[in-house]
Amino acid sequence: MQYQSTRGQVSEVGFIDAFLMGLATDGGLLVPSTIPVISSDKLEEWRTLSFQDLMLEIFSYYLNEEIPNDELKEMIYASYSTFRHEDVTPVHQLTDDIYLLELFHGPTFAFKDIALQLMGQLYSYVAKKYKRPINILGATSGDTGASAIQGVRGKEGINICILHPNGKVSKVQELQMTTVQDENVLNLSVEGNFDDCQRMIKELFADVNFKNEHHLCAINSINIVRILAQTVYYFYAYFRVTDQRPELKGVPLHFSVPTGNFGDIFAGYLASRMGLPVGKLVLATNENNILERFVKEGIYKPDGFHTTYSPSMDIQVASNFERYLYYVLDEDAEQTESYMKSFQESGEIRIPQELLSKVQSEFAAYGVIGAECLATIQKYNDEKAYLLDPHSACGVAAAERTLPAGEVVVSLATAHPAKFNESIELCEIKQEFPPQISALYDMPVRKTEVEGTLDQVVAELIPFYHRLQVK
Ligand SMILES: *Cc1c(COP(=O)(O)O)cnc(C)c1O
């Protein structure tokens with residue numbers, strides 16, 4: 001499998017190069033040159049596989065034997081050995097029609113662990129095999145940072161620097177990042193919001209000289225490997241639901257996805273292009289609803305930033321949107337580039353009606369406001385004794401609002417409620433913390449506060465990266 005840029009200016013690269021490139025060197029995003037299509041017979045053969053073996057099968061289509069199968073298998077098994085559930089991503093039936101895909105059984109209690117544990121293994125593999133220094137740089141709205149740090153802390157040949165918006169992540173999210181004492185971890189707490197952090201990261205990655213000189217590597221969902229890893233649980237969920245409901249085999253299954261950067265839901269789109277029977281992809285947002293407006297009106301235009309109960313979705317400019325745009329435009333890189341250019345110039349993208357109809361045939365969208373998010377948490381806690389975290393609650397509420405009654409939906413439960421106790425307390429619910437989370441409160445904290453300018457960030461980065469080189 002080769003990978004190419006959504007903007008068409010990168011000659012095709014293999015899996016490892018795509019993994020290391022992160023953002024494409026022409027400013028676009030990498031996508032597979034052709035999406036492999038899995039036949040329905042093959043799909044049925046996969047039904048009995050464990051999560052790990054399913055991932056191995058799916059990756060075999062994307063790797064082209066760049067990593068020997070036994071080594072890949074070892075990495076995959078190591079990645080999920082830290083998970084607290086033997087199914088890795090179990091499915092829980094919430095109501096007659098709503099199934100929750102629980103993605104929070106990893107070390108940092110959010111779905112980011114699924115891709116980032118594997119990416120940690122892959123970075124380690126590359127560092128060893130190619131003797132290449134790895135300097136991971138990323139921005140986080142809370143969960144990616146914690147998860148990426150867990151994936152590579154203490155690993156030889158790897159540094160990781162994460163920018164998070166100061167005071168705009170939950171207490172537990174912040175502690176998960178800042179209580180890590182390993183020397184290869186730098187937390188920059190930035191004055192500003194997530195979009196500010198992400199913009200600075202993108203500028204650094206877009207500066208090809210800086211990126212190459214400092215061996216920058218990306219863990220954000222601009223990295224295609226993260227998307228590929230996340231396709232696996234869409235397949236896995238389909239098998240588990242249709243195990244229980246054999247009459248639904250082969251019938252398109254709806255998925256509802258709490259969305260920020262459009263990474264997770266794009267993985268669902270990719271799974272559907274690969275032949276998984278997917279019905280509607282329900283795009284759930286909070287008050288930061290640029291993507292909801294895009295699906296409803298065909299206009300992609302950021303507006304004011306809102307701080308909400310679901311901070312990991314407090315994003316206006318969704319990186320992965322460009323990947324989807326590229327497919328809506330029938331893989332026309334020239335048009336994708338011209339849309340993205342006009343976005344940079346005018347601050348918005350407008351698509352014509354015929355494209356909007358295509359988007360609406362694939363996606364539904366609903367923005368869940370704060371009160372509705374809390375009401376959803378309360379409702380399922382009272383009626384089903386199931387405590388949803390605020391992100392997962394947005395997914396469930398959006399599914400209820402957009403889908404016809406009686407149709408089965410898998411709603412992605414993207415985080416454990418203990419990560420967002422601020423919101424759970426507002427529902428007057430007292431939850432018990434898992435011991436791994438309670439323990440965080442007693443640990444010493446390490447972080448560096450910076451103002452929201454690129455110069456300040458670079459001033460912290462250079463000595464941190466230099467440290468590794470002089471060793
Ligand atoms: C990151 C995150 C999301 C949003 O996922 P995207 O891939 O950015 O769309 C939703 N919920 C939680 C808990 C998250 O951490």
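The values are calculated or read from the model by the stated rules, or taken from the named source; none is laboratory data. Worth saying up front: this structure is predicted, and the values here are computed from it rather than measured. Please note: Cβ atoms are built from the backbone with ideal geometry, for glycine as well, and neighbour counts cover all protein chains shown. Accessible surface is based on the protein model in full, side chains and every heavy atom, while ligands, DNA and RNA are left aside. Shrake-Rupley method; radii C 1.70, N 1.55, O 1.52, S 1.80 Å.
Give me the pairs: first residue in segment 406-434 and over 20 Å from PRO258 (Cα atoms) and part of a helix (DSSP H, G or I), second residue of a type in the set (S, T, N, Q) and open to solvent by 10 Å² or more (accessible area, probe 1.4 Å), beta-carbon distance under 9 Å, and six or more apart or on different chains, which are they? So the pair list comes out as GLU425/GLN431.
Residues in segment 301-329 that are away from the ligand (no atom under 11 Å from the Cβ) and among the charged types (D, E, K, R): LYS301, ASP303, GLU322, ARG323. What about GLY250, is it within 12 Å of the ligand (Cβ to nearest atom) and either surrounded by fewer than 24 Cβ atoms within 10 Å (Cβ to Cβ) or modelled with pLDDT under 95 (or both)? Criteria not met by GLY250.
How about segment 200-215: which of its residues are of a type in the set (Lys, Arg) and either surrounded by fewer than 16 Cβ atoms within 10 Å (Cβ to Cβ) or more than 21 Å from the chain's Cα centre (by Cα) (or both)? I'd like the intermediate steps shown before the answer.
Step one: of segment 200-215, the residues of a type in the set (Lys, Arg) are 202, 211.
Across segment 200-215, the qualifying residue is only LYS211.
Residues in segment 143-191 that are assigned to a strand (DSSP E or B), within 20 Å of ARG467 (Cβ to Cβ) and more than 20 Å from the chain's Cα centre (by Cα): ILE158, ASN159, VAL185, LEU186, LEU188, SER189.
Once segment 400-420 is narrowed to residues that are within 15 Å of THR108 (Cβ to Cβ) and not charged (D, E, K, R), the residue that is surrounded by the fewest Cβ atoms within 10 Å (Cβ to Cβ) is ALA418.
Please go through segment 128-142 and give me each residue that is in contact with a Pro (Cβ under 9 Å, 6 or more places away or on another chain) and either assigned to a helix (DSSP H, G or I) or open to solvent by 10 Å² or more (accessible area, probe 1.4 Å) (or both), ordered by number. Give the derivation first.
Looking only at segment 128-142, we keep the residues that are in contact with a Pro (Cβ under 9 Å, 6 or more places away or on another chain), and these are 139-142.
Correct list: SER141 only.
Of the listed requirements (1) within 20 Å of the chain's Cα centre (by Cα); (2) within 16 Å of the ligand (Cβ to nearest atom); (3) of a type outside the set (Phe, Trp, Tyr), LEU122 misses just one: (2). Per the listing THR308, THR336, the residue uniquely buried (at least 18 other Cβ atoms within 10 Å of the Cβ) and part of a helix (DSSP H, G or I) is THR336.
For segment 257-282, which residues satisfy the criterion of being within 9 Å of the ligand (Cβ to nearest atom) and either without any contact (Cβ under 8 Å) to a residue 40 or more places away in the chain or not hydroxyl-bearing (Ser, Thr, Tyr) (or both)? Spell out how you get there, then give the answer.
Applying the first criterion (within 9 Å of the ligand (Cβ to nearest atom)) to segment 257-282 yields 257-267.
Those that are within 9 Å of the ligand (Cβ to nearest atom) and either without any contact (Cβ under 8 Å) to a residue 40 or more places away in the chain or not hydroxyl-bearing (Ser, Thr, Tyr) (or both): VAL257, PRO258, GLY260, ASN261, PHE262, GLY263, ASP264, ILE265, PHE266, ALA267.
Give the residue that is nearest to the ligand (Cβ to nearest atom), with candidates limited to residues of segment 90-107 that are open to solvent by 30 Å² or more (accessible area, probe 1.4 Å) and acidic (Asp, Glu). Among those that are open to solvent by 30 Å² or more (accessible area, probe 1.4 Å) and acidic (Asp, Glu), it is ASP97. Put simply, of THR108, THR82 the only residue that is part of a loop (DSSP other than H, G, I, E, B), under 17 Å from the mean Cα position of the chain (by Cα) and closer than 25 Å to SER221 by Cβ is THR108. The residues of segment 366-399 that are buried (at least 18 other Cβ atoms within 10 Å of the Cβ), part of a helix (DSSP H, G or I) and hydrophobic (A, V, I, L, M, F, W, C), listed by number, are CYS373, LEU374, ILE377, ALA393, CYS394, VAL396, ALA397, ALA398, ALA399. When segment 166-190 is filtered for residues that are in contact with a strand residue (DSSP E or B) (Cβ under 6 Å, 6 or more places away or on another chain) and within 16 Å of the ligand (Cβ to nearest atom), only MET177 remains. For segment 21-77, enumerate the residues that are among the acidic types (Asp, Glu), within 29 Å of VAL241 (Cα to Cα) and out of contact with any helix residue (DSSP H, G or I) (no Cβ under 8 Å at 6 or more places or on another chain). Answer for segment 21-77, where residues must be among the acidic types (Asp, Glu), within 29 Å of VAL241 (Cα to Cα) and out of contact with any helix residue (DSSP H, G or I) (no Cβ under 8 Å at 6 or more places or on another chain): ASP41, GLU44, GLU45, ASP53, GLU74.
Quick grid of which residues meet (1) among the small types (Gly, Ala, Ser); (2) under 22 Å from the mean Cα position of the chain (by Cα):
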| site | (1), (2) |
| --- | --- |
| SER33 | yes, yes |
| LEU43 | no, no |
| GLU57 | no, yes |
| ALA78 | yes, yes |
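Among residues of segment 236-255 that are in contact (Cβ under 8 Å) with a residue 24 or more places away in the chain and closer than 25 Å to ALA284 by Cα, those with a Cβ under 6 angstrom from a residue that is of a type in the set (Ser, Thr, Tyr) and in a helix (DSSP H, G or I), sequence gap 6+ or separate chain, pair up as LEU248/THR242; LEU253/TYR238. Is at least one residue of segment 286-300 in a helix (DSSP H, G or I), within 16 Å of the ligand (Cβ to nearest atom) and in contact with a Ser or Thr (Cβ under 6 Å, 6 or more places away or on another chain)? Checking segment 286-300: at least one residue is in a helix (DSSP H, G or I), within 16 Å of the ligand (Cβ to nearest atom) and in contact with a Ser or Thr (Cβ under 6 Å, 6 or more places away or on another chain).
Number of residues in segment 24-35 that are open to solvent by 10 Å² or more (accessible area, probe 1.4 Å) and not acidic (Asp, Glu): the value is 5. Evaluate segment 358-365: report whether one residue or more is within 16 Å of the ligand (Cβ to nearest atom), open to solvent by less than 10 Å² (accessible area, probe 1.4 Å), closer than 30 Å to ALA218 by Cβ and touching a Gly at 6+ places or on another chain (Cβ under 7 Å). Looking for residues that are within 16 Å of the ligand (Cβ to nearest atom), open to solvent by less than 10 Å² (accessible area, probe 1.4 Å), closer than 30 Å to ALA218 by Cβ and touching a Gly at 6+ places or on another chain (Cβ under 7 Å), one finds none in segment 358-365, hence no.
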